[in-house]
Structure formats: structure tokens, C-alpha cells
């Protein structure tokens, strides 16, 4: 249905600014809002389905929604209302639209989704890449135009602040992976720490959102964006570098986010929980092993204690059956899974934002074998996290 809606919108010219500009001011703005809602929703669905987005691309020119009050959009107006310099009811849609518009023209994004369109970027993206990456420009724009005027006690403003910062951090991490794919050199310690900080910010922003009573009306959106890529990055790094200057901070952030999302993670016998638990436990076991060598007692964070308690309640025959699974069990393609699973099993795990369908027959081998996560099955579009991490060493 979403695909049909997008095709109908394209035939109506919603993606064309020249067509929108000919419409009544109210109709033109509604067309822009509708088009961007469809595009961003489709992009998220592509993330979940492990499919490269073909909609958020620089081949159309519909402007992002304007920062205007709904009251100013009246049927009788002839000219478009003036864009306001303070937050309006459209704030969330405006910020998402401007970020999406910038990202779809970014080199790093197109390299991961549609490299053939990089020539379009060269013709449309003006200015040089600032120090710190392409996203520094849009980060400053969003901060100067919107975030600094937001009131944290306002539910819409609160949602916008932390969603924007979390999304920017996630895209910064994605940009880093794109740079690693292009560069034959290894990352420096400073660059690796910066990537871990991006993952940390992603988790902390999500925790702020999920724990705040202000956003209870927006929980449907938050639930749709589980920050699993941040867990993957942090656990893979902590598994390779168990002890560091800020390792405790990373474990606290994961533990806090886990506790906040505990009700959304499902029962302890779901495939998603098994994969999640296995990913986290392997990183902690690496730190425990080092602690034992140093004869330094180590108290596990609440995250680890809770996962171990849940796994202890699993039937022994399930654990024994999973223990013999080969290490490439998690490399099953999504197509293979979809051919063998019942159609009504898709839903709960897809809601977590991992791209991993709920399939009860998947063996995970919790704690028994090394987990080399193929990120194609989670949230990054066709991106092999382990390959990129190894390139960064």
C-alpha cells in the first residue's frame, strides 16, 4: 500500500516543486507535508526490510515543509504565509524534512544507497565539506534555526530536540563507515572513540525519549526506532577493547536504555532477544575474562544481570539445541527466512527497528559461539558492520 501511495503521489506531481508552486498556498504546503511523510516512512521501512531506499534520493525537488503555523494556512489565503523564526506546530515535520533533504544530497548516504547518483550530488551540493564531516553543516543549521528556540518542557519540542540529536549521531556514525569503506587507512584511536561517542549519543537520546512522560503521545514513533545499530557498534568495540577510559560509561548507557525499553524487547524466548542477549554477553564476557586475569572482582551492570536471569529461565533443551548451531547461523538471508516462516510472525520484532523478523525456528547459539553480526539484517542499509570495524583497526 505504501508503494502504491508513493506512485500515486508521483503521478500527482507531489515530488515536483514546479507543480506544487502552481497550487493554492494551502494545497501546496499540504502536498509537501504529505510527500515528505511518505518518503521518510518509506525510508524507514526500507531500513527494516534490508532494502536500499530508492525514494530518499536527489532526483526530485519538492521542498521540505515550511515552518509556518497551522493557523496561517487558511483556505482563503492567496500567498504563502511567511516562514516563522520560532517553533510552530509543524516543528517536528520541518526538522525531519530539512535533515532528510540534506542527507539525500550527501555523498556518504548515496555511496551506501545509490552510488550512481553521486554525480547528481556534485552538481547540486554547494560548498566544501566542513571539518568533522558533511553533517556538521546541517547540525549547525538545525541548532541555529530551531533547537535553540525550543522549550524542553513542551512535548513537541522535547520530542524534536532528542529525535534530531539522536538521528544526527546515527548518521554521523554511518558517515564514518562510509569513509572507512573509501579509505585504505586504519582509524586512529581518536576516530574510534568518536564513533563510540556517536553510538553513545544515539542511546542516550533514545533513553531520554522513552523515559519521559512528555512523549507518551509519540511512543508509537519511538517504538519504531529501536537503536540496535548503536548496541552493535558499542558491543563490537567493547568486545575488542574490553577496558578503556570510558568503557564504564558505555555499559551504563546500554544498561539504562535496556531498562527503559525492557517492556518492548519481548519475551526471553524470541529470536530478537536471543540475538540481542548474545551480542551483549559476548562483549561483557571479554571484560570478565580480563578481570579474572587481573584478579579484580567485577560487578556486572543491571543489563547483564537481567539478561543472564532471563536466559537461565529458558528450557535446557532449547539452550542445548542452540549450542550446536554453526557461527554462520545468523548469516541466514532475510529471503531464506521469509520463505520458511509463517506470514503472521512478522510484526513484533520488526517494530524494534532491527530488520530482523520474528522467526521461532532460528537458532542463535547464545553464548556458545562468536557473534559476527551482519548488519544487513538489522538497520543499516546493506552495510557490513564487521568489515567496517575490522577496517578501522
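In table form, for the structure just shown:
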item	result
Gain upon complete extension [residue 5, residue 70; 0.36 nm per residue less C-alpha separation]	21.0 nm
Over segment 1-63, relative contact order from alpha-carbon pairs under 8 Å, at least 6 apart, %	38 percent
Where a label projected 7 Å from the Cα of residue 24 along Cα→Cβ would reach, residues of segment 54-81 with amide N under 11 Å	74-78
Burial ordering of 182, 241, fewest other beta-carbon atoms within 10 Å first	182, 241
Calculated Rg and Dmax of segment 5-148 using C-alpha coordinates, Å	15.8, 47
Burial ordering of 79, 306, 206, fewest other beta-carbon atoms within 10 Å first	79, 306, 206
Relative exposure of 86, 207, judged by other C-beta atoms within 10 Å (fewest first)	86, 207
Cα shape, segment 69-207, gyration tensor, a/c 1.5 rule	oblate
For peptides 141-148, 96-103, sequence by mean Cβ density within 10 Å, most packed first	96-103, 141-148
Separation of the residue 262 and residue 194 label points, Cα + 7 Å toward Cβ, nm	3.7 nm
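Read-outs throughout are calculated quantities, based only on the coordinates presented, and are distinct from any laboratory measurement. Quick caveat: nothing in here was measured; it's all calculated off a predicted structure. Note that each Cβ is placed from the backbone with ideal geometry, even for glycine, and that neighbours are counted across all protein chains shown.
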